[in-house]
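The values are calculated or read from the model by the stated rules, or taken from the named source; none is laboratory data. Keep in mind that what you see is a predicted model, and the values were worked out from it rather than measured. Cβ sites come from the backbone with ideal geometry, for glycine too, and all protein chains shown count toward neighbours.
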Amino acid sequence: MSGWHSWYRSWIAIHWCWSQGVTVLPGVHIDWHRRTTACEGIRYGPYVDIHWLFGQLSFGVNPIWSTEVAASTFRSGWRAG
């Protein structure tokens with residue numbers, strides 16, 4: 001996931017990358033579940049992801065935790081925002 005950038009707050013997250021290709025057809029992903037991260041015990045969800053050309057916009061409860069981008073960057077100790 002190198003090259004991904006993130007900006008987030010407790011109710012919104014934006015992820016973008018200029019070098020990983022583009023999404024040809026924008027899409028929406030809705031997840032109604034309340035979840036908890038395995039290691040940190042942080043609650044997240046429900047959330048809505050909107051995918052567009054070079055990134056993703058997420059709305060919901062702690063949406064940064066809903067992506068693999070967050071999982072890989074937070075495991076390595078890097079925190080955006």
task = Could you tell me which residue of region 1-35 is modelled with the lowest pLDDT, considering only residues that are of a type in the set (Val, Ile, Thr) and over 15 Å from the mean Cα position of the chain (by Cα)?
result = Val22
task = For Gln56, indicate whether it is crowded, with 16+ Cβ neighbours inside 10 Å and either modelled with pLDDT under 85 or not aliphatic (A, V, I, L, M) (or both).
result = yes
Members of region 59-69 that are β-branched (Val, Ile, Thr) and at pLDDT below 85 = Ile64, Thr67, Val69
